[in-house]
Amino acid sequence: MSAADVSALQRPNDRLRRRRVVNRGMELLAWLAGALGVAILGVVVWSVAKRGASELNLDLLTKAPVPFAIGNVKQGLANAFVGSLVLVGLATAMALPFGILVAIYVNEFAPRAVRNGVGLVLDVLNGVPGIVVGIFVFGLVVVSHGQSAYAGAIALAVLMLPLVARATIEVLALVPNTLREASLALGVPRWRTTLGIVLPQTVGGIVTGTMLAVARVAGETAPLLFTCSLAGTSIDSNPGHALQTIPVAIFELSESADPADHARAWAAALVLLLFILFSSLTARWLAARSRRKLGRAT
Amino acid sequence: MRVETKRQPLPPRERLQQVFDIQDLTAIYGSKPALKDVSMGVYRNLVTAVIGPSGCGKSTFIRCLNRMNDLVPGFRQTGTIRYHGQDIAAKDVDPVAVRRTIGMVFQRPNPFPKSIFDNVAWGLRVLGMKDNLPERVERALTQAALWDEVKDRLKASALSLSGGQQQRLCIARAIAVEPDVVLMDEPASALDPIATQAIELLLHELKSEYSFVIVTHNMQQAARVADMTAFFSISRGEEGDRWGELIEYDSTEKIFTAPSDKRTEDYVTGRFG
Amino acid sequence: MSTLDATGEAARRPFPGRRVRTGDVLLQGVAGLAALGAVVLLGLIAYKIVDGARLSLSTFGLGFLTHVGWDPVHSRFGAGGFLFGTAVTSIGALLLATPLALGIALFLTELAPRWIRGPVTALVETLAAIPSVVIGLWGILVLGPVLHDHVMPALHSTLGFIPLFGPSTTGSTIFTAILVLTIMILPIVSSISRELFVGVPPELKEAALGLGTTRWEMVRGVVLPYTRGGVAAAMILGLGRAVGEAIAVAQVSGAFNNGISWNLFSSGNTLAAQIALEYQSAETNLDVSSLFYLGLILLVFSLVVNLLARVVVRRGARRQGVLAR
């Protein structure tokens with residue numbers, strides 16, 4: 001090695017220069033990709049916010065829609081908000097205990113092979129498209145009993161189940177074994193250890209998992225079209241009836257030719273988006289916080 | 001398990017050519033200095049060992065020499081490192097070019113998840129040394145004393161090799177691209193004695209072609225392989241902060257038999273650390 | 001040892017024989033039943049979909065898959081056009097989303113300043129939380145008109161010699177559906193890829209950089225080969241999502257039922273969107289049964305996608321297991 005090589009550090013040969021250009025180019029593309037990813041979110045959220053904000057008023061939340069409205073009638077989507085609350089509430093009530101029990105079995109009792117098997121089933125369930133879940137519940141319930149909030153909630157619960165179960169399995173797995181052993185060594189039976197010691201440790205994780213699942217299904221349209229979409233316009237909370245929901249309302253209004261309908265669709269989309277962004281960001285924040293806490297504890 | 005090698009007497013200082021001239025090197029992670037005010041020279045075709053207790057900044061030091069620390073977030077350094085007279089830490093110097101000239105072998109063997117052949121050939125291809133690729137690979141593997149063990153299974157995954165073989169493969173990978181200096185960060189710390197011996201022999205074989213800087217926590221190893229030895233230690237400030245410092249730098253013989261600093265003596269005689 | 005109570009029996013024999021505890025049996029039983037319920041649920045979904053499709057299956061057989069057209073008046077149904085539309089939209093979306101997602105993942109793992117990484121990761125993943133009906137609303141009312149007025153004419157006039165870029169008559173086209181699906185699968189592919197890239201051992205990256213390679217050469221030589229299997233699985237999952245997406249596509253694709261066109265700037269339809277669009281108009285048993293048939297195709301596809309992604313991941317993991325040795 002000699003002086004020639006030293007100068008190479010400063011005056012690179014053509015090859016190094018070319019490699020450097022390629023590298024710069026690729027880095028630039030990656031930067032652009034990152035910017036584009038954020039920009040897409042920004043554009044979508046901004047579009048919804050800009051168009052929805054003007055129509056966002058108390059009438060939207062408190063007044064029912066008026067069919068065949070002529071002129072400037074005050075109307076809203078109160079029926080859809082009530083319906084969404086009822087459906088998501090019912091779905092959570094079904095999926096939450098079910099999912100937690102599945103997770104308890106998988107993590108605390110199941111032999112390895114069974115655990116993998118149920119895990120696979122949960123993954124597959126999670127991958128079943130919402131529209132297929134919709135026609136499944138249509139075939140299961142609607143054909144014989146007609147559309148209802150119950151039917152819609154069942155469809156949403158099918159979508160929630162793998163989400164809740166997966167989230168719970170993940171937090172259960174984080175509970176240190178020493179804790180279980182400590183309890184068992186005191187002579188506490190298995191079921192009390194599980195319900196009294198292990199499960200309380202995971203409440204935070206289950207809450208965040210459920211919040212994410214709620215945020216996900218609150219915006220689901222596809223499973224509801226065949227199960228809970230032929231609804232009236234009055235404000236109703238009887239789960240035996242088909243109730244209007246926000247996503248289905250947005251879907252129908254977006255297909256309409258009337259700009260006034262579009263405006264209400266934007267406003268409803270804004271409310272839905274705010275709810276979803278709020279709950280998923282809160283869930284994320286909670287999850288990050290509890291992970292930090294766990295990290296400090298161990 | 002001792003490697004018996006005849007130690008050639010060091011040529012007089014004025015006949016030695018300086019590869020690195022390091023002045024007042026201070027390295028800082030975030031706000032904590034890891035190393036303060038190191039000044040020393042590294043000479044051509046010698047093996048220079050860096051020894052010292054853990055936490056004395058010897059790894060930080062060696063990683064400054066080919067700007068590996070650039071990759072560590074929050075890292076800063078001051079002072080100068082001249083390589084054949086040129087400041088490698090200067091803004092206009094490309095760290096890629098620096099690392100291409102000043103290679104590195106890491107503490108834990110880190111072969112790529114590729115075949116044995118491709119582990120050595122990949123760097124050559126990327127760096128445009130594509131002529132006589134098989135010959136270059138064979139030469140590097142031979143120099144790293146691995147050729148005979150792997151010549152029949154060059155297509156096999158590098159991960160099927162033992163730890164010692166993997167580390168020699170990493171050395172072959174580093175020397176295949178014909179660097180000027182090879183930095184070794186505790187290359188034998190995770191290896192069994194046989195692999196360690198192979199690596200030490202290899203240093204003796206190869207130092208006529210390359211210059212080596214080797215960090216080791218093993219004093220016997222430094223005594224066996226190194227021509228020059230630098231002893232780093234930990235200094236403590238008034239507020240409980242601590243940093244690494246170069247205590248003494250001299251011929252290996254001097255460091256191990258007649259150190260001039262009390263702290264060096266304590267360390268090499270095993271009274272400390 | 002909780003049985004070491006004050007009874008005389010226990011006093012004589014500190015360790016009585018194994019006792020079956022009601023609580024244990026109950027909890028294990030109930031939880032086990034729930035797990036069994038999840039398995040049964042999946043079976044029930046499959047059964048109900050097949051059951052619903054039976055009439056259409058026996059009427060049209062496998063010819064359903066190739067017949068193009070959906071004609072309720074003459075009760076002649078086929079999935080051919082929708083299969084075509086599904087393939088074009090989902091593969092198109094995957095082709096656009098994959099490089100973009102890999103770019104985002106590389107940006108987040110290799111390039112971005114530390115303080116940016118967390119927020120940008122969260123933002124990109126937030127994209128996944130936006131409901132499809134909202135993206136569809138945006139697609140039909142904002143994106144579609146922009147594409148129709150500006151983008152599609154420009155592409156047609158410059159690249160019109162390629163049949164894909166034909167003349168456009170509306171904003172609700174296959175192309176619009178591709179872009180909307182791209183947005184929807186982008187966060188899945190990018191977040192899985194990001195996790196994979198984070199998992200590449202730093203020693204390997206250092207080894208490459210220590211040889212004097214540039215960052216891009218390191219990515220190409222180490223990061224991408226190391227994560228190949230996982231990235232493939234991420235793409236498969238993204239494809240599955242795109243294929244199963246009903247609502248947004250139903251809103252923006254133009255709901256064209258009776259033909260096949262290679263012109264991306266014309267209307268089209270997909271399997272999932274067709275089911276969604278027919279929710280009010282299906283009248284006869286054969287209509288409904290044919291929708292179930294479409295659903296059956298989707299269900300089979302989603303099963304295949306999941307299993308395939310698993311196999312790919314496992315094979316990758318095995319290869320890396322050898323590595324770790």
For this session: Restricting attention to the range A:76-121, report how many residues are part of a loop (DSSP other than H, G, I, E, B) and in contact (Cβ under 8 Å) with a residue 24 or more places away in the chain.
Result: 2
Seminar exercise, completed: Restricted to the range C:118-127 and to residues being buried (at least 18 other Cβ atoms within 10 Å of the Cβ) and more than 7 Å from every other protein chain (Cβ to nearest Cβ), the residue modelled with the lowest pLDDT is C:Glu125
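Taking the conditions exactly as written (within 30 Å of C:Ala282 (Cβ to Cβ), more than 9 Å from chain C (Cβ to nearest Cβ) and in a helix (DSSP H, G or I)), does A:Leu159 satisfy them or not? Lay out the reasoning, then the answer.
Numbers: within 30 Å of C:Ala282 (Cβ to Cβ): yes; more than 9 Å from chain C (Cβ to nearest Cβ): yes; in a helix (DSSP H, G or I): yes.
The answer is yes for A:Leu159.
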Exercise. Just for strands (runs of 3 or more DSSP E) wholly inside the range B:1-106: which have at least 2 residues that are small (Gly, Ala, Ser)?
Worked result: B:32-43
Exercise. In this structure, does A:Gly52 turn out to be under 21 Å from the mean Cα position of the chain (by Cα) and not in a loop (DSSP other than H, G, I, E, B)?
Worked result: no
Problem set entry | Residues that are within 14 Å of another protein chain (Cβ to nearest Cβ), surrounded by fewer than 16 Cβ atoms within 10 Å (Cβ to Cβ) and aliphatic (A, V, I, L, M), drawn from the range C:77-117 | C:Ile116
Exercise. For the range A:26-50, which residues satisfy the criterion of being within 7 Å of another protein chain (Cβ to nearest Cβ) and either among the charged types (D, E, K, R) or touching a Lys or Arg at 6+ places or on another chain (Cβ under 9 Å) (or both)?
Worked result: A:Met26, A:Glu27
Seminar exercise, completed: Within the range C:195-213, residues being assigned to a helix (DSSP H, G or I) and either touching an Asp or Glu at 6+ places or on another chain (Cβ under 9 Å) or among the aliphatic types (A, V, I, L, M) (or both) number 8
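Residue-wise test of (1) surrounded by 20 or more Cβ atoms within 10 Å (Cβ to Cβ); (2) more than 19 Å from B:Ala49 (Cβ to Cβ); (3) of a type in the set (Asp, Glu); (4) in contact (Cβ under 8 Å) with a residue 40 or more places away in the chain.
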position: B:Glu149; (1), (2), (3), (4): no, yes, yes, no
position: B:Leu161; (1), (2), (3), (4): yes, yes, no, yes
position: B:Gln165; (1), (2), (3), (4): yes, yes, no, no
position: B:Arg168; (1), (2), (3), (4): yes, yes, no, no
position: B:Ala174; (1), (2), (3), (4): yes, no, no, yes
position: B:Val182; (1), (2), (3), (4): yes, no, no, yes
position: B:Glu186; (1), (2), (3), (4): yes, no, yes, yes
position: B:Asp192; (1), (2), (3), (4): no, yes, yes, no
Exercise. Condition test on A:Ala269, is it on the phi < 0 side of the Ramachandran plot, part of a helix (DSSP H, G or I), facing chain C (nearest Cβ under 8 Å) and surrounded by 24 or more Cβ atoms within 10 Å (Cβ to Cβ)?
Worked result: yes
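Could you list, in sequence order, all residues of the range A:285-298 that are part of a helix (DSSP H, G or I) and touching a residue at least 12 places away in the same chain (Cβ under 8 Å)? Quick ask: steps written out before the conclusion?
Of the range A:285-298, the ones part of a helix (DSSP H, G or I) are A:285-297.
Of everything in the range A:285-298, those that are part of a helix (DSSP H, G or I) and touching a residue at least 12 places away in the same chain (Cβ under 8 Å) turn out to be A:Leu286, A:Ala287, A:Ser290, A:Leu294.
In the range C:51-76, which residues are in contact with a Leu (Cβ under 7 Å, 6 or more places away or on another chain), more than 14 Å from chain A (Cβ to nearest Cβ) and on the phi < 0 side of the Ramachandran plot? Explain how you work it out, then say what you get.
If we filter the range C:51-76 for residues that are in contact with a Leu (Cβ under 7 Å, 6 or more places away or on another chain), which is where we start, we get C:53, C:55-56, C:59, C:65, C:75.
Subsequent filtering for residues that are more than 14 Å from chain A (Cβ to nearest Cβ) retains C:59, C:65, C:75.
Answer for the range C:51-76, where residues must be in contact with a Leu (Cβ under 7 Å, 6 or more places away or on another chain), more than 14 Å from chain A (Cβ to nearest Cβ) and on the phi < 0 side of the Ramachandran plot: C:Thr59, C:Leu65.
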Exercise. Since C:Leu96 meets every condition but one in (1) more than 21 Å from the chain's Cα centre (by Cα); (2) in contact (Cβ under 8 Å) with a residue 12 or more places away in the chain, which condition does it not meet?
Worked result: (1)
For this session: Give just the number: which of (1) touching a Lys or Arg at 6+ places or on another chain (Cβ under 8 Å); (2) closer than 30 Å to A:Arg17 by Cα; (3) surrounded by fewer than 18 Cβ atoms within 10 Å (Cβ to Cβ) does B:Ala140 not satisfy?
Result: (3)
Exercise. For the range C:214-325, which helices (runs of 4 or more DSSP H) that fit wholly inside it have 2 or more residues that are among the small types (Gly, Ala, Ser), more than 24 Å from C:Gly139 (Cβ to Cβ) and modelled with pLDDT of 90 or more?
Worked result: C:224-244, C:285-324
For this session: Collect the residues in the range C:117-141 that are β-branched (Val, Ile, Thr) and in contact with a Lys or Arg (Cβ under 8 Å, 6 or more places away or on another chain), keeping them in residue-number order.
Result: C:Thr121
Exercise. Since A:Ala242 meets every condition but one in (1) buried (at least 24 other Cβ atoms within 10 Å of the Cβ); (2) at pLDDT 90 or above; (3) over 19 Å from the mean Cα position of the chain (by Cα), which condition does it not meet?
Worked result: (2)
For this session: Just name the residue that is nearest to B:Leu25 (Cα to Cα) out of those in the range B:55-86 that are more than 19 Å from the chain's Cα centre (by Cα) and free of Cβ contacts under 8 Å to residues at least 40 places away in the same chain.
Result: B:Gln86
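Within the range B:115-137, how many residues are part of a loop (DSSP other than H, G, I, E, B) and either crowded, with 19+ Cβ neighbours inside 10 Å or acidic (Asp, Glu) (or both)?
Residues of the range B:115-137 part of a loop (DSSP other than H, G, I, E, B): B:127-132.
Still in the list and also either crowded, with 19+ Cβ neighbours inside 10 Å or acidic (Asp, Glu) (or both): B:127, B:131.
Residues flagged as part of a loop (DSSP other than H, G, I, E, B) and either crowded, with 19+ Cβ neighbours inside 10 Å or acidic (Asp, Glu) (or both) within the range B:115-137 amount to 2.
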For this session: Run down A:Ser144, A:Ser183 and say which single residue is under 21 Å from C:Val25 (Cβ atoms), in a helix (DSSP H, G or I) and within 13 Å of chain C (Cβ to nearest Cβ).
Result: A:Ser183
Seminar exercise, completed: Here, helices (runs of 4 or more DSSP H) confined to the range C:55-135 with at least 3 residues that are over 25 Å from C:Val231 (Cα atoms) are C:63-66, C:80-106
Exercise. What number of residues within the range A:89-124 satisfy the criterion of being at the interface with chain C (Cβ under 8 Å from one of its Cβ atoms), more than 11 Å from A:Ala165 (Cα to Cα) and not β-branched (Val, Ile, Thr)?
Worked result: 5
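Does A:Ala218 qualify as being more than 9 Å from every other protein chain (Cβ to nearest Cβ), touching a residue at least 60 places away in the same chain (Cβ under 8 Å) and of a type outside the set (D, E, K, R)? So that I can check it myself, show each step before the final result.
Details: more than 9 Å from every other protein chain (Cβ to nearest Cβ): no; touching a residue at least 60 places away in the same chain (Cβ under 8 Å): yes; of a type outside the set (D, E, K, R): yes.
The answer is no for A:Ala218.
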For this session: Return only the number of the condition from (1) surrounded by fewer than 23 Cβ atoms within 10 Å (Cβ to Cβ); (2) at the interface with another protein chain (Cβ under 7 Å from one of its Cβ atoms); (3) under 13 Å from the mean Cα position of the chain (by Cα); (4) not β-branched (Val, Ile, Thr) that B:Met104 does not satisfy.
Result: (1)
Exercise. Is it the case that the range A:163-176 has a residue that's at pLDDT 90 or above, in a helix (DSSP H, G or I), in the same structural domain as A:Val121 (by TED's automatic domain parsing) and touching a Phe, Trp or Tyr at 6+ places or on another chain (Cβ under 7 Å)?
Worked result: no
Exercise. In this structure, is A:Gly130 facing chain C (nearest Cβ under 8 Å) and either within 12 Å of C:Gly295 (Cα to Cα) or at pLDDT 95 or above (or both)?
Worked result: yes
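The values are calculated or read from the model by the stated rules, or taken from the named source; none is laboratory data. Quick caveat, the model's predicted, so the values are computed rather than measured. Here the Cβ is made from the backbone with ideal geometry for all residues, glycine too, and neighbour counts use every protein chain on show.
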